[in-house]
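Chemist: I am attaching a structure below and will ask some questions about it afterwards.
The values are calculated or read from the model by the stated rules, or taken from the named source; none is laboratory data. As the structure is a prediction and not an experimental result, all values here were calculated from the model. Note that we place each Cβ from the backbone using ideal geometry, even for glycine, and neighbour counts take in every protein chain shown.
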Amino acid sequence: MTNPYLPHLAKIIRIIPQMNDVRLFQIRLEDEGMRNNFNHRPGQFVMISVLGTGEAPISISSSPTRPWIIELCIRKAGKVTDALFRLKENAVIGLRGPYGNGYFIEKIKGNNLLIIAGGIGMAPLRSLLWYSLDNRDDFKDIILMYGTKTPDEMLFKDELFSLLDREDIKCLLTVDKGTDTWKANIGFVPKLFDSVNLSPATTYAAICGPPIMYQFVLQKLIECGFSKDRIMMSLERRMQCGIGKCLHCSVGHKYTCTDGPIFTYWDVMNMQEVV
Ligand SMILES: Cc1cc2nc3c(=O)[nH]c(=O)nc-3n(C[C@H](O)[C@H](O)[C@H](O)COP(=O)(O)OP(=O)(O)OC[C@H]3O[C@@H](n4cnc5c(N)ncnc54)[C@H](O)[C@@H]3O)c2cc1C
């Protein structure tokens, strides 16, 4: 039997700086067989390791519609990510997964999709964004709302700006504080709701961002008439095994790693430790 904790070797192909403490790591599994069999769903995560430092759960930022290269958008936060930021291109790291449930793609299909991201919350949602655009006929209207404090903090800026010209997605970008060169919206994410006509009964919303954004965005969605089981949000809990064995990430009677990290608002509001 194979050891589920055994990481696979993966090479860092390219490191693309996003802002001061956030980088996009393009990674390729060394083993060709593993590479061919690596199938993930948007919203799933991997456990990454740098030799001698331990492991950290990181969402997959790339879409399964663009296989071969796995993209991870990582903020330098502590032990493992510090060590990762010291590595250069061509270095080899450990990776196991994909783990977790991912966004409820089969349910969303045939509906409108509203993606709402704040700050580094764009990392897991980028996978869902490109998955839905690459399978455009499976979805009705697609709306992206993304906000950061300043233009410099906006992740994937070039690719998101390229969406502004597309007719098959409404892309609304905003910053709390603009600059002379900033041409999109200024204000907090909930203000973007004024620019759209939503149909809550036929829309699924996927949110990821800082706690303060959740608070106001959830309020807006409920005011608009969204039912709580049409709102998907990701929970971040400290994890060790990633496979439902160690109990570190349990919330109520659920494990964030295997039952999540994507939960509906309905699930989350009924979890004792979260509310
Ligand atoms: C499902 C999932 C997906 C994620 N996706 C991403 C992603 O795409 N990109 C990304 O950048 N991050 C992501 N994270 C967050 C990332 O896993 C954490 O930031 C992780 O802790 C980084 O590991 P580290 O060893 O570098 O930092 P750590 O050394 O773990 O430190 C991180 C922070 O936690 C604090 N800390 C350390 N130990 C404890 C403890 N026992 N209790 C409480 N706080 C402690 C530290 O002081 C520090 O502020 C994700 C987390 C989850 C659960």
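Chemist: Looking at the stretch 238-252, is at least one residue basic (Lys, Arg) and surrounded by 16 or more Cβ atoms within 10 Å (Cβ to Cβ)? Steps first, please.
Modeler: The first filter runs over the stretch 238-252 and keeps only residues basic (Lys, Arg), leaving 238, 245.
Subsequent filtering for residues that are surrounded by 16 or more Cβ atoms within 10 Å (Cβ to Cβ) retains none.
Within the stretch 238-252, none of the residues are basic (Lys, Arg) and surrounded by 16 or more Cβ atoms within 10 Å (Cβ to Cβ).
Chemist: Exactly one of (1) within 16 Å of the ligand (Cβ to nearest atom); (2) of a type outside the set (Ser, Thr, Tyr); (3) at pLDDT 90 or above; (4) in contact with a Lys or Arg (Cβ under 7 Å, 6 or more places away or on another chain) is unmet by Met232. Its number?
Modeler: Here Met232 clears every test but (4).
Chemist: Which condition number in (1) touching a Ser or Thr at 6+ places or on another chain (Cβ under 7 Å); (2) farther than 17 Å from Ile60 by Cα is the one that Asn20 fails?
Modeler: Going through the list (1) touching a Ser or Thr at 6+ places or on another chain (Cβ under 7 Å); (2) farther than 17 Å from Ile60 by Cα, Asn20 breaks only (1).
Chemist: Enumerate the strands (runs of 3 or more DSSP E) found wholly within the stretch 12-131, keeping only those where 3 or more residues are within 15 Å of the chain's Cα centre (by Cα).
Modeler: On the way: elements: 22-29, 45-50, 54-59, 70-75, 92-99, 112-118.
Here the list reads 22-29, 45-50, 54-59, 70-75, 112-118.
Chemist: Every residue in the stretch 68-101 that is within 11 Å of the ligand (Cβ to nearest atom) and among the acidic types (Asp, Glu), please.
Modeler: Glu71, Asp82
Chemist: List pairs: first in the stretch 81-98 and among the small types (Gly, Ala, Ser), second more than 13 Å from the ligand (Cβ to nearest atom) and outside any strand (DSSP E or B), Cβ under 7 Å, 6+ apart or cross-chain?
Modeler: Gly94/Pro7
Chemist: Identify the single condition in (1) in contact (Cβ under 8 Å) with a residue 60 or more places away in the chain; (2) surrounded by 20 or more Cβ atoms within 10 Å (Cβ to Cβ); (3) aromatic (Phe, Trp, Tyr) that Phe104 does not satisfy, given that it satisfies every other one.
Modeler: In the conditions (1) in contact (Cβ under 8 Å) with a residue 60 or more places away in the chain; (2) surrounded by 20 or more Cβ atoms within 10 Å (Cβ to Cβ); (3) aromatic (Phe, Trp, Tyr), Phe104 misses (2) alone.
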